[in-house]
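Novice: Below you will find the structure I want to go over with you.
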Amino acid sequence: VLFEAPIDQVRPFVSAPMGRLEVVDDDSCRLVGSTSNPAMYAGEWLAWMPLVFRIEGDEALRAAAGDVAARMARAVE
């Protein structure tokens, strides 16, 4: 997960079970982790993040985040 924020802004929102934060540059950082439950990771951890981010690579996590986004979009129709 690539965050469009410096690591110091992201760190308060990331707990150890979510993965490890790495600096990309002064304005972004990456959360590196794994999960056997992408729906929980997307819905319980990433969905409440008050930061701009992009899910890179993991298709299962991308699909789970898409499901969460679709449910939220339907909730405000």
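Novice: Please give the net charge around residue 6, taking every other residue with its beta carbon less than 10 angstrom from that of residue 6, where Lys and Arg add +1 and Asp and Glu add -1.
Specialist: -4
Novice: Express the carbon and sulfur contribution to the solvent-accessible surface of the chain as a percent, rounded to the nearest whole number, probe 1.4 angstrom.
Specialist: C and S atoms contribute 53 percent here.
Novice: Please compute the contact order of the chain in relative form: average sequence separation of alpha-carbon pairs under 8 Å and at least six residues apart, divided by the residue count, as a percent.
Specialist: Contact order relative to length: 32 percent.
Novice: No solvent, one uniform scatterer per C-alpha: report log10 I(q)/I(0) for region 1-64 via the Debye equation at q = 0.16, 0.19 1/Å, two decimals.
Specialist: -0.46, -0.65
Novice: Probe of 1.4 angstrom, ligands and nucleic acids ignored: what's the accessible area per residue over the chain, in square angstrom?
Specialist: 64 Å²
Novice: Please give me the summed charge of the neighbours of residue 35: other residues whose Cβ is under 12 Å from its Cβ, Lys and Arg +1, Asp and Glu -1.
Specialist: It works out to a net charge of -2.
Novice: What do you get for the angle between helix 59-75 and the principal long axis of the chain? Use alpha-carbon atoms, 0 to 90 degrees, nearest ten.
Specialist: That helix lies at roughly 60 degrees to the long axis.
The values are calculated or read from the model by the stated rules, or taken from the named source; none is laboratory data. Everything numeric in this text was worked out from a predicted model, so none of it was measured. Cβ: placed from backbone, ideal geometry, glycine included. Neighbour counts: every protein chain shown. Calculation scope for accessible area: heavy atoms of the full protein, side chains included, ligands and nucleic acids excluded. Shrake-Rupley method; radii C 1.70, N 1.55, O 1.52, S 1.80 Å.
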